[in-house]
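For reference, the structure discussed in these notes is given below.
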Amino acid sequence: MDYSDREICSIFQDPVREGLDAVEEKLRDVLGSDMPLIDEICGYISLTPGKRLRPNILLLASKSVGGDGESAVTGGMAVELIHTATLVHDDIIDGHAMRRGRETVCSKWGRNVATIMGDFLYSMAFARLGEAGLDGIMKILARTTNVMSVGEMMQFQLARNIEVSEDRYMNMIYSKTASLFSASGECGAITAAGGKSNGSRERYSLFGTNLGLAFQITDDLFDYIAADDRIGKPVASDFADGRVTLPFITAFRNAPDPEKARVRELFHSGFSGRDEWGEVVSFVQNFGGIEYSLNKARELGETAKDTLLSARPSRERDALCHAADYVIRRVDPFSS
């Protein structure tokens with residue numbers, strides 16, 4: 001059966017709707033402070049929530065292994081706080097003025113305040129996990145935030161390097177993005193009684209890894225196939241910031257030397273208008289970057305679903321598979 005994007009979202013959200021609502025309630029509770037500036041910024045952040053995909057994965061994994069609902073809700077809240085903190089810090093690093101059609105915290109309040117705000121969100125996640133005694137989830141997320149920090153450093157190291165290999169790109173996006181998806185699945189799995197999940201934590205961690213890799217590849221595809229007002233970030237942002245992603249890496253690998261020389265010039269000197277960016281987009285499209293990247297994301301999405309074949313059949317297991325379908329489908333309308 002062919003589902004719309006909205007129907008797919010409902011399929012993977014509805015089995016844990018109560019849990020997602022509880023996560024929202026906890027977020028409203030923690031995103032507040034007696035400090036007026038923190039309270040103001042938290043209120044601003046709360047006005048532009050995303051789809052809560054990471055908490056959704058955690059809740060589904062937990063429910064599919066018979067986990068503790070309250071632990072999963074607190075874990076979901078912590079995962080979302082960490083994710084939000086990374087967005088605040090990313091916007092500082094990248095110097096982006098807009099996210100999801102609104103000013104970034106950095107643009108509105110300045111770099112110093114945004115840096116402290118990101119730290120506040122990180123610290124609040126771990127403080128609440130500690131208060132709840134969720135040591136297992138805390139250990140997973142502590143390890144993961146370290147991996148994510150290494151991913152950020154990898155991105156700095158690879159900046160302005162047009163010769164980045166596909167392997168190095170995949171390692172970087174695992175660290176920066178997929179590791180938190182992986183942690184979300186693993187955290188959900190260990191909420192089963194006594195943290196015993198009979199091998200499920202590895203299964204759901206691997207599911208999250210492949211889903212997260214697919215998610216980042218499709219996100220990188222938006223740079224080359226979407227318009228600013230249809231997605232949550234400005235197009236051309238990665239290339240303009242000196243970062244090459246899989247669509248470009250693939251095209252650059254396939255292209256003849258004269259075409260490589262032109263995009264190399266644009267990469268190092270920058271571009272000032274839509275015509276020059278159009279050259280880069282055409283380059284990526286003409287030399288297979290879009291098709292290869294989309295197929296890679298689809299393959300990772302299928303691999304994610306395959307990791308759950310040995311899990312006990314349930315509505316929640318099927319919903320996780322639909323979440324993988326959603327990650328791929330969100331880019332399909334733009335690529336056709």
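The values are calculated or read from the model by the stated rules, or taken from the named source; none is laboratory data. Keep in mind that this is a model prediction, so the values were computed, not measured. Heads up, the Cβs are rebuilt from the backbone with ideal geometry, glycines too, and the neighbour counts pull from every protein chain shown.
Observations, loosely collected:
- Number of the condition not met by Asn56 [criteria: (1) at pLDDT 95 or above; (2) exposed (fewer than 12 other Cβ atoms within 10 Å of the Cβ)]: (2)
- Residues within region 95-107 that are crowded, with 17+ Cβ neighbours inside 10 Å and either hydrophobic (A, V, I, L, M, F, W, C) or in contact with a Cys (Cβ under 9 Å, 6 or more places away or on another chain) (or both), tallied: 3
- Only a single criterion out of (1) closer than 27 Å to Asn210 by Cβ; (2) outside any helix (DSSP H, G or I) is not satisfied by Gly133, namely (1).
- Total residues in region 291-309, condition hydroxyl-bearing (Ser, Thr, Tyr) and in contact with a Lys or Arg (Cβ under 7 Å, 6 or more places away or on another chain): 1
- When residues of region 53-101 are limited to those that are within 14 Å of the chain's Cα centre (by Cα) and of a type in the set (S, T, N, Q), the one nearest to Thr209 (Cα to Cα): Asn56
- Close Cβ contacts (under 9 Å, 6 or more residues apart or on different chains) running from residues in region 319-336 that are among the basic types (Lys, Arg) to residues that are assigned to a helix (DSSP H, G or I) and at pLDDT below 70 comprise Arg329/Asp5; Arg329/Ile8; Arg330/Asp5.
- Ile162 being among the hydrophobic types (A, V, I, L, M, F, W, C) and assigned to a loop (DSSP other than H, G, I, E, B): yes
- Helices (runs of 4 or more DSSP H) fully within region 1-95 that include at least 3 residues being acidic (Asp, Glu) and touching a helix residue (DSSP H, G or I) at 6+ places or on another chain (Cβ under 9 Å): 17-30, 69-94.
- Within region 49-60, at least one residue is farther than 19 Å from Phe126 by Cα and in contact with a Pro (Cβ under 7 Å, 6 or more places away or on another chain).
- Close contacts from region 77-95, counting a first residue that is touching a residue at least 60 places away in the same chain (Cβ under 8 Å) and a second that is of a type in the set (Lys, Arg) and assigned to a helix (DSSP H, G or I), with Cβ to Cβ under 8 Å and a gap of 6+ residues or different chains, come to Ala78/Arg128; Val79/Arg54; His83/Arg54.
- Single residue of region 146-187 satisfying the filter (of a type in the set (Gly, Ala, Ser) and without any contact (Cβ under 8 Å) to a residue 60 or more places away in the chain) that is surrounded by the fewest Cβ atoms within 10 Å (Cβ to Cβ): Ser149
- Among the residues of region 199-249, the ones that are basic (Lys, Arg) and modelled with pLDDT of 90 or more come to 3 in all.
- The single condition among (1) exposed (fewer than 15 other Cβ atoms within 10 Å of the Cβ); (2) under 24 Å from Phe215 (Cβ atoms) that Gly110 does not meet is (2).
- Scanning region 113-142 for residues that are buried (at least 17 other Cβ atoms within 10 Å of the Cβ) and among the hydroxyl-bearing types (Ser, Thr, Tyr) yields one hit, Tyr122.
- Close pairs from region 285-298: first modelled with pLDDT of 95 or more, partner not in a helix (DSSP H, G or I), Cβ under 7 Å, at least 6 apart: Phe287/Ala255; Leu294/Val331
- Only one entry of Ala311, Ala255 meets the criterion of being modelled with pLDDT of 95 or more and surrounded by 17 or more Cβ atoms within 10 Å (Cβ to Cβ), and that entry is Ala255.
- Elements of type helices (runs of 4 or more DSSP H) contained in region 266-336, each with 2 or more residues being within 25 Å of the chain's Cα centre (by Cα) and polar (S, T, N, Q): 289-306
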